[in-house]
Amino acid sequence: MFSAILWSQWKATRALVLVVTVLVFAAPLFSLQVAYTAFSPVQFVSSMQSFGALYSIMAAVAGLLVALSAWRLDHAGHHVYALALPLSRARYAAYRFTAGLVFLLPIAVGLLIGCLLVAISGLIPDGLHAYPIALTLRFTLAALVAYAVFFAISAATNKTAGMIIGVIASLFFAQYLLNVFAGNTYDILEPTVNFIFVRPGILSVFAGRWMLVDA
Amino acid sequence: MRRITRLAIAAACAAATTADAQGTRADELRATRARLDRLTARWRVADSVLKAFDDSVGRSRAALDTVRAGNLRILVSKALRAEVEASARRRAGPLDTLLGTATARLTRHWIVVRQRNDSTLDTAVVAYVAKPGKAYPEGREIDVIWGPVADTLYGRGFRTAAMHLVWSDADNPVSRWLNAELNPDTTTAVAWTTVRLTLASDQTTAGHKCWNGDIDACKVMLRLVPLTDAPTQFFDSAGRRQHVERNTGLSDEPHRTNCLRGDDKACRALMAFEQWSVIPPNLLSGTVAQLAVRMGGSTALDRLIATQESPARALAITAGVPIDSVLRVWVRNARERRLPSEDMSAGIAAGSLMWILVCGVLAMRSSRWR
């Protein structure tokens, strides 16, 4: 049963996976091409650092696309296919979830190859070090987190998705009211953002420095 | 007699011709004297204000309690005494470890902990009494840190004040060479990273050679040898040409053109004229001194402060090994000590896996089909 779901999900996802894999493979090589013009190691590191955000964004996008395509066919068919199967809802969701996790692997491998090519290129200035495996692991975990979050949201009912959006909107509205009635004394957004992006927040893996080459 | 009369007449004539000039000079002298009087009066006022301030500081010190903990001598507001004393006792041991035998120098100085009155919060300030000078016979209080009353405030204050006070005893060639206060603590990985990047990025030939382990080049980079001819000490001939090529500010046109054509004499002449653009700033001396202190054991800092030798000799005395050995370790550390990658850690992995699991379980428990 799992192999059938894997195959059907692969057909829905492979084009996206291919495009994202090519992009993440090219990103380290592109960053090297840009940083190579630097006239000192300090500038080289600074140039590489500017690409850190790109890796985290690509991880989020990869997770999002794979998660949405995992449920796309079910949403389109109003879940009739899934209900027709002799499977519990939990087991079916687990198969879909695992299949999506598998599809993130080619993307991670693409990034690893790109990073390794940079590391062995001999173009990194003396005194600097490349971290291809650490960066790939970070990217993979970030992509998996993004995938898991969007998979869970996509698997939920419209009501749940609406509630999540409602909570986020309420926070912004509450902050607006606080600013209007209490001046700038209270800030509820910053602690919330910290809660999410500072470890062990759910999106903390995306925060911080992503460095392929560092001192 | 006649001769004397003639001389007298000549003198009278000369006096008559210079009378005007003397009158002008007398006016100038009067104006200068008046200005001097005005300045003296202002100096007296300023001096009396300063003396009054010093006196008030001295009197306010008399109202403070005295605490002794190890080599620390602390003047403290009565209300803070108990907690400051407890904190000082805890900090005395680590300070001995940090400063070695040099902590004994602290017994000649005072640290002050005062309650602050200008705030509604319960705040304190940690200061030290600087060496008394001609202008400040009582010694000025220099604030180190202030903030809400807390053990960490005292800890940081004592440490910083102790380092200031110990280093203030250093008045020797090495302190002038450092041109900053020495932090005797172990050099951090961040500092080694800075050294590595500075050396690896340096555009001088000496910088590259030092990075590759040439100790004589390191001595030039660190100004441990006298700079007699900077263009040749910092650069070889190819380096000089590159330097002139890069620095368009070196604008003595005939020399510049000749230099770029390969005339090394022209390069040297141009660079000797524009010394300021040749000599890179000496930003790395602190790490060498720190290393020497760490290599030299518990009496090292004391030796560094006491010696009147040249910086190179002083560092060797401090470390207890030849300067070349100190610099070899320094270059090795610069090349090898590095920060671990921030990309991945057990914390990041554990946190991410936890959230993946949580989201997976939530997806399986969705109520969509119920």
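Every number in this text was worked out from the coordinates using simple rules, so none of it is lab data. Here the structure is a predicted model, which is why all the values come from computation and not from measurement. Cβ atoms come from the backbone with ideal geometry, glycine included; neighbour counts cover every protein chain shown.
Partner chain Cβ atoms within 10 Å, averaged over the residues of B:345-357 - can you pull that number for me?
6
Got a sec? Charge dipole of region A:81-215, +1 on Cβ for Lys and Arg, -1 for Asp and Glu; which of A:Asn158, A:Leu178, A:Ala215 is way out at the positive end?
It is A:Asn158.
Could you give the size of the charge dipole of chain B about its Cα centre, using +1 on the Cβ of each K and R and -1 on the Cβ of each D and E, expressed in debye and rounded to the nearest 20?
Charge dipole of chain B: 600 debye, to the nearest 20.
Is any residue of region A:130-173 close enough, with backbone N under 20 Å, to a label point placed 7 angstrom from the Cα of A:Val180 along the Cα-Cβ axis, and if so, which?
Once the point is set 7 Å along Cα→Cβ of A:Val180, A:166-173 turn out to lie under 20 Å by backbone N, inside region A:130-173.
Quick one: if you stick a label point 7 Å off each Cα along the C-beta vector at A:Phe30 and A:Ile168, how many nm between them?
It is 2.5 nm.
Of A:Val20, A:Ala35, A:Thr136, whose Cα points farthest to the positive end of the dipole of region A:2-155 (charges on the beta-carbon: +1 Lys, Arg; -1 Asp, Glu; origin at the Cα centre)?
Of the options given, the answer is A:Val20.
Please list, or write none, the lysines whose alpha carbon is within less than 30 Å of the alpha carbon of B:Lys209, excluding same-chain residues fewer than 8 places away.
Once the sequence-local lysines are set aside, what remains near B:Lys209 is B:Lys219, B:Lys265.
Bin width 5 Å, origin at 0, all Cα-Cα pairs of region A:41-173: what percent of pairs per bin?
2, 9, 15, 17, 14, 12, 10, 8, 6, 4, 2, 1, 0
With both partners inside chain B, how many of the DSSP beta bridges are antiparallel, as a percent to the nearest 5?
Expressed as a percentage, antiparallel bridges in chain B total about 85.
Take every residue in peptide A:134-141, count the Cβ atoms of other chains within 10 Å of its Cβ, and give the average of those counts.
The per-residue average across the peptide is 5.
What is the dipole size for chain A, taken about its Cα centre, with +1 at each Lys and Arg Cβ and -1 at each Asp and Glu Cβ, in debye to the nearest 20?
Result for chain A is approximately 720 debye, rounded to the nearest 20.
Take every Cα pair under 8 Å in region A:158-205 that's 6+ residues apart, average their separations, divide by the length, and report that relative contact order as a whole percent.
Value for region A:158-205: 19 percent.
At q = 0.16, 0.19, 0.25 Å⁻¹, what log₁₀ I(q)/I(0) does a Debye calculation on the Cα points of region A:158-205 give, no solvent, two decimals?
With one equal scatterer per Cα and no solvent, log10 I(q)/I(0) is -0.56, -0.72, -0.91.
Which three semi-axes in whole Å describe the equivalent ellipsoid of chain B, each the square root of 5 times a Cα gyration tensor eigenvalue, listed largest first?
54, 42, 24
List the residues, sorted by chain then number, that are 5 or more residues from B:Arg73 or on another chain and whose placed amide H is less than 5 Å from its amide H.
Under 5 Å from the amide H of B:Arg73: B:Ile111.
Specify which residue in the list B:Ala92, B:Ser298, B:Thr257 is farthest towards the positive end of the charge dipole of chain B, using unit charges on the beta carbon of Lys, Arg (+1) and Asp, Glu (-1), about the Cα centre.
Final value for the positive-end residue is B:Ala92.
Taking every residue in B:331-343, how many Cβ atoms of other protein chains lie within 10 Å of its Cβ, on average?
Whole-number average of other-chain Cβ neighbours for B:331-343 is 4.
If the cut-off is 18 Å between C-alpha atoms, which lysines fall inside it for B:Lys51, apart from same-chain ones fewer than 8 positions away?
By straight Cα distance, B:Lys51 reaches B:Lys131, B:Lys134.
Going by average Cβ neighbours within 10 Å, how do the peptides B:179-186, B:283-290, A:83-90, A:18-25 rank, with the highest at the top?
Packing proxy ranking, top to bottom: B:283-290, A:18-25, B:179-186, A:83-90.
How high is the relative contact order of chain A? Use alpha-carbon pairs under 8 Å, at least six apart in sequence, and give a whole percent.
Reported as a whole number, the value is 30 percent.
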